[in-house]
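Novice: Okay, here's the structure, questions in a sec.
What follows draws every value from the coordinates through simple rules; no lab data is involved. Keep in mind the model is a prediction, meaning the values are calculated, not measured. Note: ideal-geometry Cβ built from the backbone for every residue, glycine included; neighbour counts use all protein chains shown.
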Amino acid sequence: MPDNEIIGEQHPQPDPRGWLVFRHLPDALQRAEDSRQNADHAFLEDTGCTRWTRLATDTERLLLDHLGFEVPDRLMTRVEYRSAGVRNRRFPALENQESIA
């Protein structure tokens, strides 16, 4: 990520979408987040499943690290669609940690 592109502030927590909601992301990170959101939405549409677990993406891991979490080598993301337009992501392995952000 170029030095002049910074990650904006995290939205106030708690947020119904989870921890990884920022006021601004550098273009490359935003594209990666958009791509994952599209993939998650496609999974929802294909399966009808509103809650599942998958491996965390590199972008999710980077953003969690940015927030000050100690991210394990293998991190799972809990995805839940709370409504048709609200995707919530949780990271159960990190929920007992305190971020430094």
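Novice: Among DSSP beta bridges whose residues both lie in the chain, state the antiparallel percentage, nearest 5.
Specialist: Close to 90 percent.
Novice: Please identify the GluC sites (Glu not before Pro) of segment 30-101 that satisfy two criteria: DSSP loop assignment and at most 12 other Cβ atoms within 10 Å. Which are they?
Specialist: E70, E95, E98
Novice: Tally Lys and Arg at +1 and Asp and Glu at -1 over the other residues with C-beta under 13 Å from the C-beta of P72: what net charge comes out?
Specialist: Once positives and negatives cancel, what remains is -3.
Novice: OK, next. What is the magnitude of the charge dipole of the chain about its Cα centre, with +1 placed on the Cβ of each Lys and Arg, -1 on the Cβ of each Asp and Glu, and no other charges, expressed in debye to the nearest 20?
Specialist: So the magnitude is around 440 debye.
Novice: In whole Hz and in residue order, list the ³J(HN,Hα) couplings for segment 41-55 that follow from phi through the Karplus curve 6.51 cos²θ - 1.76 cosθ + 1.60, θ = phi - 60°; x for Gly and Pro.
Specialist: 5, 4, 4, 4, 5, 6, 9, x, 6, 9, 8, 7, 10, 9, 5
Novice: Output the relative contact order of segment 27-94, whole-number percent, from Cα pairs under 8 angstrom with separation of 6+ residues.
Specialist: 27 percent.
Novice: Considering the options L75, L63, H41, tell which one lies farthest towards the positive end of the dipole of the chain, charges being +1 on Lys and Arg and -1 on Asp and Glu at the Cβ, about the Cα centre.
Specialist: The Cα lying farthest towards the positive end belongs to H41.
Novice: Pick from R51, R61, R89 the residue whose mean-square fluctuation is largest in a GNM of the chain, springs joining Cα atoms under 10 Å.
Specialist: Its mean-square fluctuation being the largest, the pick is R51.
Novice: Looking at the chain as a GNM with Cα springs under 10 Å, which of A32, A84, A56 has the largest mean-square fluctuation?
Specialist: Of A32, A84, A56, the most mobile in the Gaussian network model is A84.
Novice: State the Kirkwood hydrodynamic radius of the chain in Å, one decimal place, computed from all pairs of distinct Cα atoms.
Specialist: That comes to 14.2 Å for the chain.
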